[in-house]
Amino acid sequence: MKNMSKLCEIDFLALHGAVERAVASYIRICKDADPNEISGGVLLHRSNRGVEKHTGVGTITQKSELYNDLLSTARRLIEQLVPPLKYHMTSYQNRDPEKGLLGGGLNISCMGKVAMTGLPELANEACLMCGLVQCDLVSDTFVTKALNISDNTALYECIHKGAWR
């Protein structure tokens, strides 16, 4: 019998590589999409047991000055997925920029929660989703529902096609 706890774990290294490819695709395809010229961010996974793994993607490294600020933002995105009354699939479900509540966090069920920050909100979500799909961590139904919430299907498809040609 398979170890059930293994079924609910992710290969963070594989996810990191897949998100890296998606970020590179975003930068290559959507050169004018980021007025701040940030070409990377922070990827965070928090298991349901509270164990965190995080790393920089693109040009952001753990030694950069920006890394800790982005990591704090990624942690806030994950907290948005657990509001007082129910769990959310995506942080877009309670998005409120005036209160610092943004998109870029996803609840991947028994595997925990993931977030990416550093790029524009929709690019964060699209790159993260590309990585999750490439690593076979989410279903087509999950992708469709989450991208419909943020109306982010077009950017996701553009980045996804560019990342795995």
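A short reminder: the numbers here are calculations on the coordinates, not readings from a lab. Every value quoted in this text rests on a predicted model; they were computed, and no experiment measured them. Cβ placement follows ideal geometry from the backbone for every residue including glycine, while neighbour counts extend to all protein chains displayed.
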Loop-resident trypsin sites (Lys or Arg not before Pro) in segment 47-152 with no more than 13 other Cβ atoms inside 10 Å, DSSP not H/G/I/E/B, are 49, 63, 86
Residues whose modelled amide H sits under 5 Å from the amide H of residue 40, counting only those 5 or more places away in sequence or on another chain, are 59
At a Förster radius of 41 Å, what calculated FRET efficiency corresponds to the Cβ-Cβ distance of residue 9 and residue 98, to the nearest 0.05?
-> 0.65
Label-to-label distance, nm, for residues given as residue 59 and residue 89 (7 Å Cα→Cβ offset) = 3.5
Figure the gain on full extension for residue 136 and residue 151 (residue separation times 0.36 nm, minus the Cα-Cα span) and round it to one decimal in nm.
-> 3.2 nm
Rounded to the nearest 20 debye, dipole of the chain from Cβ charges on Lys, Arg, Asp, Glu = 500
At 222 nm, what helix-only mean residue ellipticity would the chain give, in deg cm²/dmol to the nearest 500, using -39500 (n - 2.57) for each DSSP H run of four or more?
-> -14000 deg cm²/dmol
